[in-house]
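Participant: Mind looking over this structure? Questions follow.
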Amino acid sequence: MFGNCGIATRTHGRTLAVPAVMSTETSSTIQTRFVCASALNLPFPDAEFDFATSFMALMDVPDHARALGEAWRVLRAGGFFQFSICHPCFFTRKSDWTTDDLGRRVARTCTDYFQPAQGEVDRWMFGRAPAELRGDIDEFMIPRFERTLSGWLNLALAAGFALEAFHEPSASDTDLVKEPSLYDTRIVAYALIVRCRKP
């Protein structure tokens, strides 16, 4: 989660990611230290890092204000925090795909935007997981703690950050030629990426 001498990783009852990442770092000349810690109580001193990042994890943390406060605390002045979350406009507690007669996704319906989930457990599996593995792998079970779009942005401001940039990834035409299954990313954004800076 944090750059410039350390990475903090938070997993959801799984330890698959850390060993995989660590094995790729064994031949690196960059000194990397892996630390598993709670986003709500980071084991680092104040102003330790130049940047911090969180990939698709903040919406799984029960106290967003405290997590952003911890990110702000461990950053040096001028450092940035970049995080990605499930897009709050399109992945609400009651949302689903609308398909055409051939089963192709054509639209996404979203309700309860102003009643975000607070601890409801979301069960899911990667859609591209091979069929032969699906029976051997348990579904992910992750509690969801959602906010509206303005809720996320106002929370970053309240933590002391200056908002700097936003991105909503979608597949390019070239991507779609290689992977037609990515077409639904042209219908709605799956993720929102926010970059903010500590003044």
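Participant: Of all the residues that make up region 158-175, how many are touching a residue at least 24 places away in the same chain (Cβ under 8 Å), out of contact with any Ser or Thr (no Cβ under 9 Å at 6 or more places or on another chain) and more than 19 Å from Asp50 (Cα to Cα)?
Facilitator: 3
Participant: Within the bounds of region 127-147, is there any residue that is closer than 18 Å to Val194 by Cα, part of a loop (DSSP other than H, G, I, E, B), out of contact with any Leu (no Cβ under 9 Å at 6 or more places or on another chain) and among the acidic types (Asp, Glu)?
Facilitator: Within region 127-147, one or more residues are closer than 18 Å to Val194 by Cα, part of a loop (DSSP other than H, G, I, E, B), out of contact with any Leu (no Cβ under 9 Å at 6 or more places or on another chain) and among the acidic types (Asp, Glu).
Participant: Can you tell me which of Tyr190, Tyr183 is of a type in the set (Phe, Trp, Tyr) and over 30 Å from Phe49 (Cα atoms)?
Facilitator: Tyr183
So that you can scan it fast, the table gives a plain yes or no per residue for (1) surrounded by 15 or more Cβ atoms within 10 Å (Cβ to Cβ); (2) of a type in the set (A, V, I, L, M); (3) modelled with pLDDT under 95:
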residue: Leu133; (1), (2), (3): no, yes, yes
residue: Ile137; (1), (2), (3): no, yes, yes
residue: Pro143; (1), (2), (3): yes, no, yes
residue: Leu153; (1), (2), (3): yes, yes, no
residue: Ala162; (1), (2), (3): no, yes, no
residue: Glu168; (1), (2), (3): no, no, no
residue: Thr174; (1), (2), (3): no, no, no
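Participant: When residues of region 69-96 are filtered for being on the phi < 0 side of the Ramachandran plot, out of contact with any helix residue (DSSP H, G or I) (no Cβ under 7 Å at 6 or more places or on another chain) and part of a strand (DSSP E or B), how many remain?
Facilitator: Matching residues across region 69-96 total 10.
Participant: Of the residues that make up region 110-120, is at least one in contact (Cβ under 8 Å) with a residue 60 or more places away in the chain, part of a loop (DSSP other than H, G, I, E, B), polar (S, T, N, Q) and surrounded by 12 or more Cβ atoms within 10 Å (Cβ to Cβ)? Quick ask: steps written out before the conclusion?
Facilitator: First, the residues of region 110-120 that are in contact (Cβ under 8 Å) with a residue 60 or more places away in the chain: none.
Scanning region 110-120 turns up no residue that is in contact (Cβ under 8 Å) with a residue 60 or more places away in the chain, part of a loop (DSSP other than H, G, I, E, B), polar (S, T, N, Q) and surrounded by 12 or more Cβ atoms within 10 Å (Cβ to Cβ).
Participant: Counting only residues that are of a type in the set (D, E, K, R), over 22 Å from Thr92 (Cβ atoms) and assigned to a loop (DSSP other than H, G, I, E, B), how many does region 148-189 have?
Facilitator: Going through region 148-189 one residue at a time, the tally reaches 1.
Participant: While we're on this one: Tell me which of these Arg128 doesn't satisfy, since it passes every other one: (1) basic (Lys, Arg); (2) free of Cβ contacts under 8 Å to residues at least 60 places away in the same chain; (3) surrounded by 11 or more Cβ atoms within 10 Å (Cβ to Cβ).
Facilitator: Single failed check for Arg128: (3).
The values are calculated or read from the model by the stated rules, or taken from the named source; none is laboratory data. Just so you know, these numbers come straight off a predicted model, no measurement behind them. Cβ sites come from the backbone with ideal geometry, for glycine too, and all protein chains shown count toward neighbours.
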